[in-house]
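Here, each number is a calculation from the coordinates, and none is a lab measurement. Computed from a prediction, not measured in an experiment: that's the story for all the values here. So basically every Cβ, Gly included, is an ideal-geometry build from the backbone, and we count neighbours across all protein chains shown.
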Amino acid sequence: MSESRNDANAVRNRNRWMLIGVVAVFVVPMLIAFALNLSGYRPEGTKAYGTLIDPPRQVEAVPVSLAGGEKLVWRNPQWQWTLLALPGANCAQQCQAALGELVRMRATLGRNATRVRLVYLGPALPADTFAALAPLQAGSDDTSAFADLRAKGDDALALALVDPGGFLMMRYAEGYDLGGVRRDLPKVVK
């Protein structure tokens, strides 16, 4: 009788340790993730190339006049993201080349290219320049709401990304890497 009691205790103890092990398999990784999150650790692969605007700024009420005279509708029915091109005081050769690269980068998004609209908010450029940069739309920042995001250099370009709900989510300061912008966009336009 004593042997069967010892066997029963051994089985019960083994079952308890097995239960503790199963619970630990699920709980320990969560505790480690929680501790890493509290310490501020972020894995490299999940970081955005641009600078997140925290908290996101509501720009739905910001009036932007497009070249055709109509106002930019931030919340559009096509649920498009808006990539704003924000040059410095002048948009000459370097800035215009960056605009061309931006248009070509948009085309590399494939079927998702239509989910990103490009809007240039800067000094007037020649009409033939804009014809070559289609589908880039020209506009004007009527209230200087994006002045703090503009490129500081005279012939430089900065970018800002506005979500389909009218929130300014991310900015790319002048000197941005277009490859980084290209890596960020597919994450948001899915």
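Here are the numbers:
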| quantity | calculated |
| --- | --- |
| Anisotropy class of the stretch 115-190 from Cα gyration tensor, a/c 1.5 cut | rounded |
| Compactness of the stretch 1-41 as Cα Rg over 2.2 N^0.38 Å, two decimals | 1.94 |
| Net charge contributed by nearby residues that have their C-beta within less than 12 Å of Pro87 (K/R +1, D/E -1) | -2 |
| For the chain, built as a Gaussian network whose Cα springs stay under 10 Å, the top-fluctuating residue of Ser144, Ser39, Ser65 | Ser39 |
| Ala138 long-range amide H proximity, modeled H, under 5 Å | Ala67, Tyr120 |
| Per-residue HN-Hα couplings for the stretch 142-148 [Karplus 6.51, -1.76, 1.60; θ = phi - 60°; Hz; x = Gly/Pro] | 4, 10, 6, 5, 10, 4, 6 |
| Karplus (6.51, -1.76, 1.60) ³J(HN,Hα), θ = phi - 60°, over the stretch 100-109, in Hz, Gly and Pro reported as x | x, 5, 5, 5, 5, 4, 4, 5, 6, 6 |
| Cα long-axis angle, helix 2-39 against the chain (0 to 90 degrees, to the nearest 10) | 20 |
| Selected from Tyr120, Tyr176, Tyr41 as most flexible by GNM, with the chain as the system and alpha-carbon contacts under 10 Å | Tyr41 |
| The chain, dipole about Cα centre (Lys/Arg Cβ +1, Asp/Glu Cβ -1), debye to the nearest 20 | 940 |
| Relative contact order %, the stretch 49-188, counting alpha carbon pairs below 8 Å whose residues are six or more apart | 38 |
| Degrees, to the nearest 10: 178-188 long Cα axis against longest axis of the chain | 60 |
| For the chain: Kirkwood Rh in Å [reciprocal of mean 1/r, alpha carbons] | 19.7 |
